[in-house]
1. Filter segment 226-245 down to the residues that are of a type in the set (S, T, N, Q) and modelled with pLDDT of 95 or more, then identify the one that is farthest from Asp216 (Cα to Cα).
2. I'm checking my understanding of the structure. Among residues of segment 56-100 that are within 15 Å of the chain's Cα centre (by Cα) and among the hydroxyl-bearing types (Ser, Thr, Tyr), which one is surrounded by the most Cβ atoms within 10 Å (Cβ to Cβ)?
3. Hey, any hits in segment 30-52 for a residue that's touching a residue at least 12 places away in the same chain (Cβ under 8 Å), more than 14 Å from the chain's Cα centre (by Cα), surrounded by fewer than 23 Cβ atoms within 10 Å (Cβ to Cβ) and not in a loop (DSSP other than H, G, I, E, B)?
4. Restricting attention to segment 211-239, which residues are without any contact (Cβ under 8 Å) to a residue 24 or more places away in the chain and under 14 Å from the mean Cα position of the chain (by Cα)?
5. Could you tell me which numbered condition Glu199 fails, if it satisfies all but one of (1) surrounded by 15 or more Cβ atoms within 10 Å (Cβ to Cβ); (2) assigned to a loop (DSSP other than H, G, I, E, B); (3) modelled with pLDDT of 85 or more?
6. In this structure, is Gly208 touching a helix residue (DSSP H, G or I) at 6+ places or on another chain (Cβ under 9 Å) and of a type in the set (Gly, Ala, Ser)?
7. Note down all Cβ pairs under 8 Å where the first residue falls in segment 98-120 and is free of Cβ contacts under 8 Å to residues at least 24 places away in the same chain, the second is β-branched (Val, Ile, Thr), and they're at least six residues apart or on different chains.
8. Here's a check for you: in segment 241-258, which residue that is aliphatic (A, V, I, L, M) and surrounded by 14 or more Cβ atoms within 10 Å (Cβ to Cβ) is farthest from Ile55 (Cα to Cα)?
Amino acid sequence: MHKQMASKHIHLFLIILVLTASNVSAQQDAGYTYYMYNTLAVNPAYAGVRNSLSINALHRSQWVGFDGAPTTESLSAAVPILKKHAGIGISIVSDRIGYISTNAVYSDFAYRLNIDKHKQFLLGLKVGVNFRRAKFSEIELENPSDQDFGQDYKSSLLPNIGFGVLYVTDKFYAGLSVPKMIENDFEPISVSRSALSGERKHFYLIAGHLHKINSDWMLKSSLLVRATRFAPMIADISAQFIYEDKFWLGPMFRFGDAAGLLAGIIVSNQLQLGYAFDFSYKNLTGQYNYGSHEILINYTVPESGKKVCPAYF
């Protein structure tokens, strides 16, 4: 009896979650626990930071064990141009929740202003398109004749543009960005699908600091604050303890939502592998899932005849 009641609550919550995905959650851009290694996804100025080609891949499975829970994949790459006075990049994101999926492809351009040998100020531009699809026909309904869910939905390709600034030193970085300036409207099919009607601008503050504790250990602290209209502000903090450039381990905390752990292996100066786990301590979903999990792959292609430095930022 209790299992049946719990199952009904889960299915009811999922229906509400899917139908409000755009108005509540999906208007929030895809979020990551490993945001500090996926900076290009939110700030185009990061395309000009590295001195060689860098590639980043990330998979996030949220609320594992919860049917229809969100999953996100992102792939980004950036390379310096114009004698390293600028950089270009590409960001690809696929975000799914229930029967609704959103895909985006963006190109990034950054111009670097070298303040001195160890300090940079970067200006970034992001341009791309979004596409949303809802497979309503796959929902199992008690009333199959419900016309509101009788056909799938596909949006047109919706262009967008964003901006960002970033200040970087050897041990610190901070940036402000708005990766999507245009508040596109997804065409609603019916009143019950009005949740598909639009996007909202997101404002990001990102920062990080590297502190040398002793000859073996370093502490990398990170902060991300994300704000948009009609949704609560989200703030993430994390602390990664790095041992002899071999591995890192540390906690994360998302105010009012989740806590977790980040771990990673520095295979070489070129290759880093990471895993992150976080568990919601507040949301209803925390009662019915096994937390959220991320897998990170970060690779830097070395310049010919030059040594790659570890990618702390």
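The values are calculated or read from the model by the stated rules, or taken from the named source; none is laboratory data. Keep in mind that this is a model prediction, so the values were computed, not measured. All Cβ positions, glycine included, derive from the backbone under ideal geometry; neighbour counts span all protein chains shown.
1. Ser238
2. Filtering segment 56-100 down to residues within 15 Å of the chain's Cα centre (by Cα) leaves 56-62, 70-77, 90-97.
Filter once more, so that each one left must be among the hydroxyl-bearing types (Ser, Thr, Tyr): 61, 71-72, 74, 76, 91, 94.
Values: Ser61: 19, Thr71: 18, Thr72: 22, Ser74: 22, Ser76: 23, Ser91: 25, Ser94: 17.
Here the answer is Ser91.
3. no
4. Of everything in segment 211-239, those that are without any contact (Cβ under 8 Å) to a residue 24 or more places away in the chain and under 14 Å from the mean Cα position of the chain (by Cα) turn out to be Leu223, Val225, Ala235.
5. Looking at each condition in turn, Glu199 falls short on (3).
6. yes
7. Ser107/Ile88; Ser107/Ile90; Ser107/Val127
8. Checking each candidate, the answer is Ala258.
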